[in-house]
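In what follows, a structure is listed as structure tokens, so that the remarks can point back to it.
The values are calculated or read from the model by the stated rules, or taken from the named source; none is laboratory data. Keep in mind the model is a prediction, meaning the values are calculated, not measured. Here the Cβ is made from the backbone with ideal geometry for all residues, glycine too, and neighbour counts use every protein chain on show.
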Amino acid sequence: MKKPPIIWLNVSLFAITFLSAVILVPWRGIVHGYGASEWIAFIVLAFASGLSITAGYHRLWSHKAYKAHPAVRFIYALGGALALQNSALHWASDHRVHHKHVDDNDKDPYSAKMGFWYSHIGWMLREYQSQRYHDYQNVRDLQNDHIVMWQHKHYLALVLLMNIGLPALLGWLNGDVLSMLLMAGLLRLVVVHHCTFFINSLAHVWGSQPYTDKNTARDNGFLAMLTYGEGYHNFHHIFENDYRNGIRWWHYDPTKWLIKSLSWLGLAKDLRTSPQERIESARLQMQLLRTKRKVNNLPNADEIIEKIQAEYELLKLHLMDYYQAQKTLLEAKRKQLVDQQLLQQVEELKARFLVQQKHWRSLTATYS
Ligand SMILES: [Zn+2]
Ligand SMILES: [Zn+2]
């Protein structure tokens, strides 16, 4: 098959910024050195641009996982231009196609099945899906967002302003324009580029699949550190409208913490979360599938599978009963109608669920 034409603008952009960063940044470091303010600006702008992509482009605009105040959306629009990953409108359009057709080499714009290089950066270097390039049908809702459309219209000017104007201004204030341009401009741009590109490449090949194996997306705590919390990508591909990617409190997900903090300040609202019982069910189903696959070769496989299936059904039943009772209790609390009988019932269902969960764990451990 003949390869589509090269997009020279993108090739030059990625090549020049990457090579300049590897050569010029250390060169300046050796002959001149960098001060604390350049390092601080590098970190602050890396987070500002990275989080504008993850909290803004991704969780807000692509997935509508929450609603944000116009002031926040305006900052995301500037931060998105700083990250230099196309306009929010275009990015969200690509990303919605990625979720809808994940791993489909003909439709997913950065299909992981096309290989690491392609999903990381290769997809932007040639006109792979040029017929779709100006089709924004799947982001009609975003076309009503004035800030999204303003950014889309003035994208190039904003890119130059944020990537050259802002670091130059910071450098001028600090008395060393070149060092600031190299650290807060160039190096920051290249580092954030590749860290966020890892979500399309590494997060689809490296890590575990606790929720589903119907697509290539993986959960990876280490990767979360490089991607502003987007490393819990297996969870994300099944619960895409959840404002969280790392659902445990200790999961490193600064994007989730930012959104939650904005909600406390009244700058974000309607944060969406997936029902806990659906999350637990997905995990259980995966465990069932894995255990079944493992015992498949045993001589008495049929008998064991029947037993595992029965225990699974029972656990799922107890899980649903317990979560339903919790909901009833919450509702009763709201109406101030809690009585001793209800409390006791919830406790009993919880105990029954926990016993069965323990049972399930030891059963799956036996066959793992
Ligand atoms: Zn993905
Ligand atoms: Zn997504």
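For (1) assigned by TED's automatic domain parsing to the domain that holds Lys67; (2) within 16 Å of ligand 2 (Cβ to nearest atom); (3) in contact with a Leu (Cβ under 6 Å, 6 or more places away or on another chain), each residue gets a yes or a no:
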position: His233; (1), (2), (3): yes, yes, no
position: Phe239; (1), (2), (3): yes, yes, no
position: Gly246; (1), (2), (3): yes, yes, no
position: His251; (1), (2), (3): yes, no, no
position: Leu265; (1), (2), (3): yes, no, no
position: Arg283; (1), (2), (3): no, no, no
position: Thr291; (1), (2), (3): no, no, no
position: Lys294; (1), (2), (3): no, no, no
position: Ala301; (1), (2), (3): no, no, no
Please work out which residue is surrounded by the fewest Cβ atoms within 10 Å (Cβ to Cβ), limiting yourself to the stretch 59-70 and to residues that are part of a loop (DSSP other than H, G, I, E, B) and within 16 Å of ligand 1 (Cβ to nearest atom).
His63
Is it the case that the stretch 85-96 has a residue that's closer than 22 Å to Tyr34 by Cα and either in contact (Cβ under 8 Å) with a residue 40 or more places away in the chain or assigned by TED's automatic domain parsing to the domain that holds Glu38 (or both)?
no
Among the residues in the stretch 111-134, are any within 25 Å of the chain's Cα centre (by Cα), part of a helix (DSSP H, G or I) and loosely packed, with under 15 Cβ neighbours inside 10 Å?
yes
Considering only residues that are among the aromatic types (Phe, Trp, Tyr) and within 16 Å of ligand 1 (Cβ to nearest atom), look in the stretch 234-290 and name the one that is surrounded by the most Cβ atoms within 10 Å (Cβ to Cβ).
Phe235
Is one or more of the residues making up the stretch 71-80 farther than 23 Å from Asp270 by Cα, within 16 Å of ligand 1 (Cβ to nearest atom) and of a type in the set (A, V, I, L, M, F, W, C)?
no
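Being assigned to a helix (DSSP H, G or I) and among the polar types (S, T, N, Q): is that true of Thr273 here? I'd like the intermediate steps shown before the answer.
Numbers: assigned to a helix (DSSP H, G or I): no; among the polar types (S, T, N, Q): yes.
No: the conditions fail for Thr273.
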Taking the stretch 39-58 as the region of interest, how many residues are free of Cβ contacts under 8 Å to residues at least 60 places away in the same chain, closer than 27 Å to His237 by Cβ and more than 16 Å from ligand 1 (Cβ to nearest atom)?
3
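Considering each residue of the stretch 81-105, count those that are away from ligand 1 (no atom under 16 Å from the Cβ) and in a helix (DSSP H, G or I), and give that number. Reasoning before the result, please.
Start the filter on the stretch 81-105 by keeping residues that are away from ligand 1 (no atom under 16 Å from the Cβ), which leaves 81-84, 86-90.
Those still in the list that are in a helix (DSSP H, G or I) too: 81-83, 88-90.
Of the residues in that region, 6 qualify.
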Positions within the stretch 141-199 being among the polar types (S, T, N, Q) and without any contact (Cβ under 8 Å) to a residue 24 or more places away in the chain, in sequence order:
Asn144
Considering each of Arg126, Arg140 in turn, give the residue that is in contact with a Pro (Cβ under 6 Å, 6 or more places away or on another chain) and either β-branched (Val, Ile, Thr) or more than 16 Å from ligand 1 (Cβ to nearest atom) (or both).
Arg126
Consider Lys307 carefully, then state whether it is of a type in the set (Lys, Arg) and either under 28 Å from Ser274 (Cβ atoms) or in contact (Cβ under 8 Å) with a residue 60 or more places away in the chain (or both).
no
Wholly within the stretch 142-255, helices (runs of 4 or more DSSP H) carrying at least 2 residues that are touching a Ser or Thr at 6+ places or on another chain (Cβ under 6 Å)
146-153, 188-197
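Yes/no per residue for (1) within 16 Å of ligand 2 (Cβ to nearest atom); (2) under 15 Å from the mean Cα position of the chain (by Cα); (3) on the phi > 0 side of the Ramachandran plot; (4) surrounded by 24 or more Cβ atoms within 10 Å (Cβ to Cβ):
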{"position": "Ala48", "(1), (2), (3), (4)": "no, no, no, no"}
{"position": "Tyr57", "(1), (2), (3), (4)": "yes, yes, no, yes"}
{"position": "Gly80", "(1), (2), (3), (4)": "yes, no, no, yes"}
{"position": "Trp91", "(1), (2), (3), (4)": "yes, yes, no, no"}
{"position": "Asn105", "(1), (2), (3), (4)": "no, no, no, no"}
Looking at this structure, is His204 on the phi < 0 side of the Ramachandran plot and within 14 Å of ligand 2 (Cβ to nearest atom)?
yes
Only listed residue being in the same structural domain as Ser62 (by TED's automatic domain parsing), within 22 Å of Tyr66 (Cβ to Cβ), of a type in the set (Gly, Ala, Ser) and within 12 Å of ligand 2 (Cβ to nearest atom), chosen from Ala224, Ala217:
Ala217
